[in-house]
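Below is one structure, written out as structure tokens; the observations come after it.
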Amino acid sequence: MADVRFSSVRKGYGAVEVIPELDLTIEDGSFTVLVGPSGCGKSTLLRMIAGLEEVTAGTITIGGEDVTHRDPSERGIAMVFQSYALYPHMTVADNIGFGLKLSGLPKDEVAKRVADAAAILQLDKLLERKPRQLSGGQRQRVAIGRAIVRKPKVFLFDEPLSNLDAALRAQMRVELAELHTRIGATMVYVTHDQVEAMTMADRIVVLNGGRIEQAGAPMDLYRAPATPFVAGFIGSPRMNFLEGQAAKALGGDLVGIRPEHLDISAASGLWQGRLRHAEHLGSETLSYVDVEGVGSMTVKTEGEVSVAPNQLVYLSPREGQLHVFNAGKRTSI
Amino acid sequence: MSIKSRSQRQELAMLLPAVIFLIALIVVPFALSIWFSFTDQRLVPRPIPTKVIGFTNYLRMFDDPLFWQAIWNTVLFALLVVPFQLAISLGAALILNAAIPFRSVFRAIAILPLLLPMTVIVAIWAVLFRIPNGPLNAAYQWFAGSGNYVDWIGNPSTAMVSIVVLSAWATFPYQMLIYLAGLQDIPQDLYEAAKLDGAKSWQRFRYVTWPGLRNVNIFLLIITTIGALKLFTQVNILTKGGPNGATTTIIQYLFQQGYATQKVGYASAVAVFFFLAVTAIALLQRRFLKNEGEA
Ligand SMILES: Nc1ncnc2c1ncn2[C@@H]1O[C@H](COP(=O)(O)OP(=O)(O)O)[C@@H](O)[C@H]1O
Ligand SMILES: [Mg+2]
């Protein structure tokens, strides 16, 4: 049992309130992603779990035990830093085994557990290297190795993939998800990238200005975003928003429709507009349409669409795919 | 081929001014010293022309017990002052790098000695060392009872240590500033990772700070050693090499021979020897420390 529970936690730096009162439960064994724009307090939350940051008020429990004032090393957690934070003068093996060595574990036991972790992460051949002799992806693996040898109850990741190139990032996403399946420990993962959140999480917590906008399964957030912020943050390309008269006509003060839920036609539809530009990706087409009285709308269509710039087109939302908001809250079901 | 040589010629042309300065200010005087060291050149030219006398200056130098005492004193001073001064510099840097209140005020105070010329510092310490009732002796009398005093710089057994303490105090802020820069270069993440690994504060020093300061340490060790080997001003003002030769250093000896007794040829031989010795020591330190780290 290693759930993580925030109860009435607040965090401020001097007079600046970064996290107003926050309650959150991270389920045992879950892969929970904290996602939100830069500066919304994700790292602060993660670092409070780790004990690298004191809470201003409230309590944090891990597996039912109050750890609010415990040392980082006594919380049963391990953390992977964005910079990897590998000890530059130590070999890969020493980096991975450092915590075990400090805990007084016998040398051969340390070596055995380091070897086990290295095998999982395909680091066996690199154990005697120094970090500067490794590629970015290999360093990343060492940082993960350092986390798994400690057999923590909770893994913490702070934007661990943002220093990698796109291809490696996609590969590491899969590896991390597989690692979670294999180990089964609770994982808390911070990112500003909603794609990482959608692909890896079994639960997403969307943060905005230190507050929880919405928490839930990725598909629930996609299907029924609770606030305009979540609606705009989750999904790519970004959701289209209608305001004013156009929204009122559909029953809200703000109405959203995802680009993949719009049909484009040369003949008829709810909204009329002019095609400004189209991007052809082969598997899909992104059309940018200027709609009168609404503004620019993005349409995502499977496969090829034969439309020409400046052509008059009609857009219609699919059945049941409108997201209606009133006073900042979702009112459509 | 021709393009390469043209760009090389351009590079050489741009280096020229610096090369000329180096030659004029360093190479020429040094070459002159080497030349003088083989002659009986005097400070004030005499009617008899200067003669080449071969290795006579060197032989005489190696025969002079005071020369060997000067070497021993200089080495002793370096062995005492380098670890002592680096330790207080690092200690001060660690304190000033921590989140203590009024840090910038303390930082400003700590570098004050750097702003004072060495002669002024020596004058201040001359007052501190005063007998029988200078401030240091006043403190001493607290423990030893009134009427007792130590002749800090007049007593052969305390003179060297007194010079060591004074010198360390006078120049430690320089090393401290470099240590501070080195400390700030160590990523904060490493300390946090070490905390998560369960490292106590001295272990974080041992495994993060100390290895992180490796290059700074090598640099400071070499620079401070060279500085120590050049010890002169303090000694020349305070003790004139005394008492009884206990604080005569190589430069002090060189100065005595070159100016006081006007034997420029002889002093040049000392200078050449000193230059070769310092270069050898610096190279050895570098060699030794590099290999140790690479292994
Ligand atoms: N040590 C600090 N002192 C003052 N403000 C801080 C400090 N650390 C973070 N903050 C502020 O707290 C907010 C949240 O920071 P952070 O948790 O790092 O955001 P995120 O990880 O979501 O980008 C930011 O506005 C940041 O400026
Ligand atoms: Mg962050």
Hey, any idea what Rg/Rh is for the protein assembly as shown, computing Rh the Kirkwood way over Cα pairs? 1.16
Qualifying aspartates and glutamates (Cα of each under 17 Å from Cα of A:LYS125; at least 8 residues distant if same chain): A:ASP94, A:ASP116
Compute for chains A and B the buried accessible surface, both sides summed, probe 1.4 Å, and express it in Å² to the nearest 100. 1600 Å²
Which percent of the accessible heavy-atom area of the protein assembly as shown goes to carbon and sulfur, probe 1.4 angstrom? 60 percent
Among A:VAL289, A:PRO152, B:GLY154, whose Cα sits farthest toward the positive end of the charge dipole of the protein assembly as shown (+1 at Cβ of Lys/Arg, -1 at Cβ of Asp/Glu, about the Cα centre)? B:GLY154
On a 0 to 90° scale, report how tilted helix A:92-102 is relative to the longest principal axis of chain A, with both axes built from alpha carbons and the result rounded to the nearest 10. 60 degrees
Total charge dipole magnitude, chain A, about the Cα centre, Cβ charges on Lys, Arg, Asp, Glu only, Debye to nearest 20: 740 debye
Cut-off under 20 Å on the C-alpha distance; same-chain residues fewer than 8 positions from A:LYS101 excluded. Which lysines are left, in chain and number order? A:LYS112, A:LYS130, A:LYS151, A:LYS153, B:LYS195, B:LYS200
Among residues of the stretch B:184-204, a drop of 10 Å² or more in 1.4 Å probe accessible area, assembly relative to the chain on its own, occurs for B:ASP189, B:LEU190, B:GLU192, B:ALA193, B:ALA194, B:LYS195, B:LEU196, B:ASP197, B:GLY198, B:ALA199, B:LYS200, B:GLN203
How shielded is A:146-152 by partner chains, expressed as the average number of their Cβ atoms within 10 Å of its Cβ atoms? 1
Degrees, to the nearest 10: A:136-148 long Cα axis against longest axis of chain A: 60 degrees
With everything on Cα atoms, drop me the angle between helix A:107-120 and the longest principal axis of chain A, reported from 0 to 90° to the nearest 10. 20 degrees
Could you state the number of Å between the C-alpha centres of the stretch A:1-64 and the stretch A:71-95? 21 Å
State to the nearest 20 debye the size of the charge dipole of the protein assembly as shown about its Cα centre, where the only charges are +1 on K and R beta carbons and -1 on D and E beta carbons. 2520 debye
Can you tell which of B:ALA123, B:ALA193, B:ALA93 shows the greatest fluctuation in a Gaussian network model of chain B with Cα springs below 10 Å? B:ALA193
Take each complete run of DSSP H in chain B, measure how far its Cα atoms stretch along the helix's own axis, and keep only those covering 27 Å or more with mean Kyte-Doolittle hydropathy at least -1.0; list them. B:2-22, B:65-97, B:156-184, B:264-294
Which of A:VAL230, A:VAL174, A:VAL35 moves the most in a Gaussian network model of chain A with Cα springs under 10 Å? A:VAL174
Below 26 Å, Cα to Cα, which lysines can B:LYS240 reach? Residues fewer than 8 away in the same chain don't count. B:LYS230, B:LYS263
Rank B:VAL264, B:VAL81, B:VAL150 by mean-square fluctuation in a GNM of chain B with C-alpha springs under 10 angstrom and give only the top-ranked residue. B:VAL150
Just which residues of the stretch A:50-94 lose 30 Å² or more accessible area with every protein chain there, against their chain alone, with the probe set to 1.4 Å? A:LEU52, A:PRO72, A:SER73, A:PHE81, A:ALA85, A:TYR87, A:HIS89
Using the heavy atoms of the protein chains and a 1.4 angstrom probe, tell me the accessible area per residue for the protein assembly as shown in square angstrom. 51 Å²
By average Cβ neighbour count within 10 Å, what is the ranking of A:271-277, A:71-77 from highest down? A:71-77, A:271-277
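The values are calculated or read from the model by the stated rules, or taken from the named source; none is laboratory data. Being a predicted model, the structure only gives us computed values, none of them experimental. Heads up, the Cβs are rebuilt from the backbone with ideal geometry, glycines too, and the neighbour counts pull from every protein chain shown. Quick note on the areas: whole protein, heavy atoms, side chains included, nothing else; ligands and nucleic acids left out. Shrake-Rupley method; radii C 1.70, N 1.55, O 1.52, S 1.80 Å.
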